[in-house]
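The values are calculated or read from the model by the stated rules, or taken from the named source; none is laboratory data. What you see is a predicted model; the values in this text were computed from it and never measured. Note that we place each Cβ from the backbone using ideal geometry, even for glycine, and neighbour counts take in every protein chain shown. These accessible areas exclude ligands, DNA and RNA; they are computed on the full protein's heavy atoms, side chains included. Shrake-Rupley method; radii C 1.70, N 1.55, O 1.52, S 1.80 Å.
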Amino acid sequence: MSEIKTIQIGDLTLAYKEFGTGDKYLLSTQNFFLTDCHMELLGKPPYDYHCFLIYMRGYGKSSHITDPTPKNYNAIWGEDVVAFAKAMGISSFYYTGVSHGNWAGWHIAFHYPQLLRAFVCVDGIAQFRDVNPNMTRRTPGFFEQVDAVVGNREALEKMAWMENWPTENPQRLARRAANHAEHTEILMSRAREEFLVPNDGDMTCCQAKTQDEFYEKLSKIPVPVLIWIGGLDPLARAEDGLKIAQTIPGASLLTYQHLGHGGADECPEMAARDCDRFFRDVEGRIL
């Protein structure tokens with residue numbers, strides 16, 4: 001297991017894990033990383049990527065957020081990845097993330113495409129919604145509810161990573177159990193403020209005000225993009241992934257009928273293989 005390192009960028013501390021060597025860089029940012037996730041596997045044989053797994057500000061050993069003011073942290077996390085790359089002397093890189101980890105990738109694809117060699121969006125998509133869900137919306141008793149779950153194993157076990165899609169495959173079932181147990185421990189180690197990150201995030205990642213504007217901006221992305229998605233995913237639906245893949249020039253769509261929203265965490269070997277294949281195939285691509 002790689003040690004967690006830190007880098008200081010101004011007042012910001014970013015924690016990260018590093019796998020592999022060389023200048024074939026791959027970056028990813030998440031609020032947590034499961035052991036042997038596909039981003040980690042790409043930094044190990046038979047692959048040859050130099051991977052940096054960056055813990056989002058607000059989580060783990062990265063700087064925590066105590067300011068309760070709602071902000072678009074989807075964009076901030078993307079800017080943090082750009083700042084990390086600059087601090088590490090990385091001029092271009094591949095990007096891949098799972099679910100919430102894709103927001104930074106989309107932000108970079110829209111605003112810093114010159115940095116991206118290619119982007120594989122796994123178990124998630126950028127999307128426009130008429131009413132952008134406000135993650136900072138607080139219901140009555142919200143803070144009391146948070147206080148009730150911090151350090152409460154029984155409550156956190158109900159919140160931890162889990163997949164319920166039908167399968168009898170012993171490897172998938174074993175991975176499910178391991179992921180749930182590991183994520184429970186991650187949640188158990190979290191401080192109160194890690195449950196309260198005031199993300200008022202723009203899920204289009206490009207400040208689009210209408211759906212037409214969103215697709216117009218998608219159509220101008222010059223970066224090779226693969227949408228990797230589970231056919232059973234209720235959050236990043238396959239039909240929405242298809243529309244995005246049809247809009248971005250030269251984009252690809254890969255759908256696994258038997259997987260849901262956590263498909264890559266359940267089958268990271270598949271996700272790593274598909275990322276590597278796509279990254280190699282788009283070198284010198286012709287549009």
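Quick notes on this structure:
- Some residue of region 225-232 being aromatic (F, W, Y), in contact with a helix residue (DSSP H, G or I) (Cβ under 8 Å, 6 or more places away or on another chain), closer than 26 Å to T35 by Cβ and not in a helix (DSSP H, G or I): yes
- Residues that are of a type outside the set (F, W, Y), under 19 Å from W106 (Cα atoms) and under 13 Å from the mean Cα position of the chain (by Cα) within region 29-65 comprise T29, Q30, N31, H38, M39, L53, I54, M56, listed in sequence order.
- Meets criteria (touching a Ser or Thr at 6+ places or on another chain (Cβ under 8 Å), modelled with pLDDT of 95 or more and not aliphatic (A, V, I, L, M)) for F214: yes
- Residue check, S92 closer than 24 Å to Q8 by Cβ, among the polar types (S, T, N, Q) and either open to solvent by 10 Å² or more (accessible area, probe 1.4 Å) or free of Cβ contacts under 8 Å to residues at least 12 places away in the same chain (or both): yes
- Region 154-193 - residue that is charged (D, E, K, R), more than 30 Å from G231 (Cβ to Cβ) and in a helix (DSSP H, G or I) and, of those, most open to solvent (accessible area, probe 1.4 Å): E154
- Residue in region 207-223 that is under 27 Å from T35 (Cα atoms), surrounded by 14 or more Cβ atoms within 10 Å (Cβ to Cβ) and in contact with a Leu (Cβ under 6 Å, 6 or more places away or on another chain) present: no
- So F52, is it among the hydrophobic types (A, V, I, L, M, F, W, C) and surrounded by fewer than 22 Cβ atoms within 10 Å (Cβ to Cβ): no
- Scanning region 66-80 for residues being within 20 Å of the chain's Cα centre (by Cα) and farther than 15 Å from G10 by Cβ gives a total of 7.
- Residue within region 130-153 that is assigned to a helix (DSSP H, G or I), modelled with pLDDT of 95 or more and among the aromatic types (F, W, Y) present: no
So that you can scan it fast, the table gives a plain yes or no per residue for (1) touching a residue at least 24 places away in the same chain (Cβ under 8 Å); (2) under 19 Å from the mean Cα position of the chain (by Cα):
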| site | (1), (2) |
| --- | --- |
| E185 | no, no |
| K209 | no, no |
| D212 | no, no |
| E216 | no, no |
| P234 | yes, yes |
| T247 | yes, no |
| L254 | yes, yes |
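- Residues located in region 237-287, provided they are open to solvent by 40 Å² or more (accessible area, probe 1.4 Å), in a helix (DSSP H, G or I) and of a type in the set (A, V, I, L, M): L242, M270
- Residue in region 206-224 that is out of contact with any Cys (no Cβ under 9 Å at 6 or more places or on another chain), of a type in the set (F, W, Y) and under 30 Å from G151 (Cα atoms) present: no
- Number of the exception - G230 against (1) at pLDDT below 95; (2) open to solvent by 50 Å² or more (accessible area, probe 1.4 Å); (3) within 30 Å of E157 (Cα to Cα): (2)
- Residues that are of a type outside the set (D, E, K, R) and without any contact (Cβ under 8 Å) to a residue 24 or more places away in the chain, drawn from region 271-287: G284, I286
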